[in-house]
Amino acid sequence: MLFPLLRKKRYRGILLDAPRDGDERCQECGGACCSSFADIEISWDEYELLQKLGAKRLQLALYGPHKLEIDYGCEFLEEGRCRIYEARPDICRRFSCSEV
Ligand code: SF4
């Protein structure tokens with residue numbers, strides 16, 4: 001059977017306690033996590049920074065966290081890579097995934 005060849009790659013994600021930078025992550029998945037959620041929570045400082053960087057899909061909340069919508073792909077995702085990698089939000093820095 002050819003079905004195993006058609007199997008989509010599956011990833012398991014975890015949210016690390018502390019941000020971890022480095023290009024060893026995010027090299028091969030093409031930004032799967034950057035389009036697998038409806039939105040990500042961001043702080044007020046991150047809201048302002050992303051706004052300066054041209055974000056159009058920000059949600060300002062009076063109560064609760066502000067958000068960047070990433071459903072159907074984050075607007076900063078370009079050819080499978082984060083266009084604002086050095087300035088990406090904390091939650092993006094703490095998210096890590098591996099193929100299962
Ligand atoms: S800001 Fe960058 S790392 Fe975060 S979801 Fe968007 S493309 Fe991905």
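The values are calculated or read from the model by the stated rules, or taken from the named source; none is laboratory data. Bear in mind that the values here come from a model prediction, so they are computed numbers and not experimental data. Don't worry about glycine lacking a Cβ; one is built from the backbone with ideal geometry, like all the others, and counts go over all protein chains shown.
Tabulated values for the structure
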quantity: Scan of region 72-95 for residues that are touching a Lys or Arg at 6+ places or on another chain (Cβ under 6 Å) and either within 11 Å of Ala32 (Cα to Cα) or outside any loop (DSSP other than H, G, I, E, B) (or both), ordered by number; calculated: Cys82
quantity: Residue check for Gly31: modelled with pLDDT under 90, more than 12 Å from the ligand (Cβ to nearest atom) and of a type outside the set (A, V, I, L, M); calculated: no
quantity: Total residues in region 78-95, condition surrounded by fewer than 15 Cβ atoms within 10 Å (Cβ to Cβ) and closer than 12 Å to Gly13 by Cβ; calculated: 1
quantity: Whichever residue in region 51-68 is over 10 Å from the mean Cα position of the chain (by Cα) and within 11 Å of the ligand (Cβ to nearest atom) and, among such residues, is surrounded by the most Cβ atoms within 10 Å (Cβ to Cβ); calculated: Ala55
quantity: Some residue of region 22-38 being among the acidic types (Asp, Glu), without any contact (Cβ under 8 Å) to a residue 60 or more places away in the chain and surrounded by 16 or more Cβ atoms within 10 Å (Cβ to Cβ); calculated: no
